[in-house]
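Below is one structure, written out as structure tokens; comments come after it.
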Amino acid sequence: MGQYYQAINLTNRLFVSPNGMKLMEHSWIGNSTMDNICRDIEKGNKSFKTRWIWCGDYADGEMEEPIYLTRKQLDIYENSSLYDPEYPEINPYDLCIDKYWETEVTTEMEVNFFSEVKTDPEYSFDYKGKYLINYDKEEYVSFDSLPEHKYNWDDDDRSWTVHPLSLLMCISNGRGGGDYHGEAGQDYIGTWANDTIGIDSEIPEYFFEINPNFQEQ
């Protein structure tokens, strides 16, 4: 079955529901969700230098660091239909899906684990001359160096470029349909999850360039 994802900002307690819920439905340069998030994490904007993950609904026990909840939030979670005492780990994806909460002790407004950010479907981000930067690992990816690839989908002969952000931040790839199954860059999948990231036109001194070269099969 397909695995659905949420892009979650752990620092600002925000989430974005992608335009195309499966990982490889939205992980492309030019997808409106990716463009909006890149705008927000660019230097000078509200989510610059914040911690992110791309979390699938099959992600159980994937977080190296737990999601911290207040006592009230934990009570709500443990009294919800999502809680299973045999698997007490909290999947951050579940905390973003308000409509699935079934509990008598709260209302949707009172849950507020993460707040949803709406995106502009018409927005287009300018990637030219910019770098995706991991400030914890001191690594970066140059958007100008991303490989293009032609995919024979429905006689569509355009070139498509896989977006590195979501694949680097993903914590549950490979557990469902629609995940990234390409051979290229497999060692990089999820290596930036939960790290502090941003986009800038300047590279910090001594940071190291990585080239995942993600290409879907």
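The values are calculated or read from the model by the stated rules, or taken from the named source; none is laboratory data. All figures in this text were calculated on a predicted structure; none of them were measured in a lab. Heads up, the Cβs are rebuilt from the backbone with ideal geometry, glycines too, and the neighbour counts pull from every protein chain shown.
When you scan segment 1-48, how many residues do you find that are in contact with a Pro (Cβ under 7 Å, 6 or more places away or on another chain) and of a type in the set (A, V, I, L, M, F, W, C)?
Matching residues across segment 1-48 total 2.
Within segment 12-21, how many residues turn out to be surrounded by fewer than 20 Cβ atoms within 10 Å (Cβ to Cβ) and touching a Phe, Trp or Tyr at 6+ places or on another chain (Cβ under 8 Å)?
Of the residues in that region, 3 qualify.
Going through segment 37-78 one residue at a time, which ones are out of contact with any strand residue (DSSP E or B) (no Cβ under 7 Å at 6 or more places or on another chain), in a helix (DSSP H, G or I), modelled with pLDDT of 75 or more and surrounded by 19 or more Cβ atoms within 10 Å (Cβ to Cβ)?
Result: Asp40, single match.
With the requirement that a residue be in a loop (DSSP other than H, G, I, E, B) and at pLDDT below 95, what does segment 129-152 give you?
Leu146, Pro147, Glu148, Tyr151, Asn152
Filter segment 176-206 for residues that are in a loop (DSSP other than H, G, I, E, B) and either acidic (Asp, Glu) or loosely packed, with under 15 Cβ neighbours inside 10 Å (or both) and give the result.
Of everything in segment 176-206, those that are in a loop (DSSP other than H, G, I, E, B) and either acidic (Asp, Glu) or loosely packed, with under 15 Cβ neighbours inside 10 Å (or both) turn out to be Asp179, His181, Glu183, Asp195, Ser201, Glu202, Ile203, Pro204, Glu205, Tyr206.
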